[in-house]
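The values are calculated or read from the model by the stated rules, or taken from the named source; none is laboratory data. In this text, all values refer to a predicted model and were calculated from it rather than measured experimentally. Glycine gets a Cβ as well: all are built from the backbone with ideal geometry, and neighbour counts include every protein chain shown. Accessible surface is based on the protein model in full, side chains and every heavy atom, while ligands, DNA and RNA are left aside. Shrake-Rupley method; radii C 1.70, N 1.55, O 1.52, S 1.80 Å.
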Amino acid sequence: MAKATSKKTKNAKKEATDQSHIEARALTPQTGAALFEDARSRLEEVFQALDTPHDARSRLMQPAASLQVSVPVRMDDGSLQAFPAWRVQYDISLGPAKGGVRFHPDVNQHEVTTLSFWMAVKCAVVGLPFGGGKGGVQVDPKQLSSLERERLARGYIRAIADIMGPDRDIPAPDMNTDAEVMGWMIDEYENIKRVRAPAAITGKPIPLGGSQGRVEATGHGALTVLDLWAEQENRKPEETTVAVQGFGNAAYHFARQAAERGYKVVAVSDSSGGIYKEEGLDIDAAKKAKQKHGELAKCRQGKRIKGDELLALEVDVLALAAMENQVTGDNVGDVAAGMVLEIANGPVTSDADAALEKRGIDVLPDVLANTGGVIVSYFEWLQNRAGQAWSEEDVNQRLDEKLEREARQVLERARDEKITYRQAAYRQGIERITEALLARGNCQDCR
Ligand code: NAD
């Protein structure tokens, strides 16, 4: 792992305070490799169920393109640091690759590859004209000043500029990158290409062509999927208790909107621990407390609980909105929720998934439940290409229409074929990718 050792400026200290939500994760290159193997074993199951032609199978078992680069950054103290970084385009049969860029000390090639695979499936599940991509820089952003982060973001774009673009590969924010970082990135890209090409990156600041509603979109979409499930189960929001793991962008907006809709959000957590209140939490008050104290554990509302206690709460819905590998073979026995909603990418490992299925606990999978963000990214790309700017109301209405239609198909397929929601979503996505891949010709075993 590359480490920044530069003398920090005042700016850097401010940045570290602002980014107090950035947490360390225990994702080593080994667990990264296991993550990809897990993803591939799920894919093989789908191939079998769909009887996918061999040509498509062999194309989809590995990424179409994978670029590893080293991003040199001039630090504030004058020294030079080189950060390992990746951009992976898993599959581009349905359209240009789409996916975020993550800044994290544990980022590695396997993780970026797995995330790009999930992006490919996700975009296909909700019928977007995109393939799957992902990027990552192995860096601890807490150690960088704001200017160093900007130089890193620009350096990353210089390194991948030749393989990106509105019709090739469209980066976006992910863990520890946000609209500000996207602003630096699009500026660098446009300077290199000497054109204005806002559709080359999504999740941008509004003045640079960002979309209304993008920040809230992942939480909004997860709530839409939860609503459909509740409707199918004949369950009213007021009778449904929800615990949320995580309190970052996706989790906070989900929890706030779910509480507004009437769901009883009884617990939330971050890596410092969580809070629980039987009658339901005041999410905005929790957010203010987190902003003030830097961690939820110091919030006075309700009762303090540990992170693993949240996973074991007897609630109707356990929403996992923090990160990968949270419910595993080791702790799946503790889960006491009626249903698991995956808002993070890959929060349930495949062995845990099988154990939940055996116990009759439904899982609404990440490749459906967290697609609100990428759908609004698609809307941003469309607006940029048409030179338009839609209102937030317009964006949300289009998001609801699109996601409801695609999610209904997944839920109905699960019911009709008597399979899990994950199996139904994967089948919907892989079927669409395979059709596009084979329609491009050169298939030997499908004539
Ligand atoms: P974020 O960095 O804003 O938030 C992550 C949150 O997880 C933080 O509150 C952090 O404290 C918490 N956390 C970390 N470790 C934890 C632990 N052990 N227990 C409880 N909480 C813990 O990130 P985000 O953008 O909200 O993304 C969260 C997840 O959702 C990621 O898997 C991301 O890939 C996925 N996702 C996000 C979006 C989006 O638009 N933000 C879209 C699709 C998927």
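Set the Förster distance to 30 Å, then compute FRET efficiency between Glu392 and Leu80 from the Cβ-Cβ distance, nearest 0.05. Intermediate values should be presented prior to the final figure.
Numbers: r = 43 Å, r/R0 = 1.44.
E(calc), rounded to 0.05, equals 0.10.
Rolling a 1.4 Å sphere over the protein heavy atoms, what is the accessible area per residue of segment 217-364, to the nearest Å²? Could you put the intermediate results ahead of the total?
Details: 6170 Å² over 148 residues.
Here the residues of segment 217-364 average 42 Å² of exposed surface.
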inquiry  = If amide hydrogens are placed 1.01 Å from N in the peptide plane, which non-local residues have theirs closer than 5 Å to the one on Val268?
reply    = Val244, Ile275
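Let me check I've understood the local charge: for Trp86, count other residues with C-beta under 11 angstrom from its C-beta, Lys and Arg +1, Asp and Glu -1. What total comes out? Please list the in-between numbers first.
Values: positive: Arg87, Arg102, Lys134; negative: Glu111.
Charge balance in the 11 Å sphere: +2.
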task = Averaging sequence separations of C-alpha pairs under 8 Å and six or more residues apart, then dividing by the length of segment 208-271, give the relative contact order as a whole percent.
result = 38
request  = For Gly346, list long-range residues whose amide hydrogen, built 1.01 Å from N in the peptide plane, is under 5 Å from its own amide hydrogen.
outcome  = Asp366
ask   = Can you list, bin by bin at 5 Å, the percent of alpha carbon pairs in segment 306-392, starting at 0?
value = 3, 14, 22, 21, 10, 7, 7, 6, 6, 3, 0
message = Let me see the P(r) profile for the chain: every Cα-Cα distance counted, bins of 10 Å, each bin given as a percent of all pairs.
response = 4, 22, 32, 28, 12, 2, 0
query = Given the rule -39500 (n - 2.57) for each run of at least 4 DSSP H residues, summed and divided by the residues of the chain, what is its mean residue ellipticity at 222 nm, to the nearest 500 deg cm²/dmol?
reply = -15000 deg cm²/dmol
DSSP-defined antiparallel bridges as percent of all bridges, segment 217-364, nearest 5 = 30
ask   = Taking a probe of 1.4 angstrom, what is the accessible area of Ser70 in Å², to the nearest 10?
value = 70
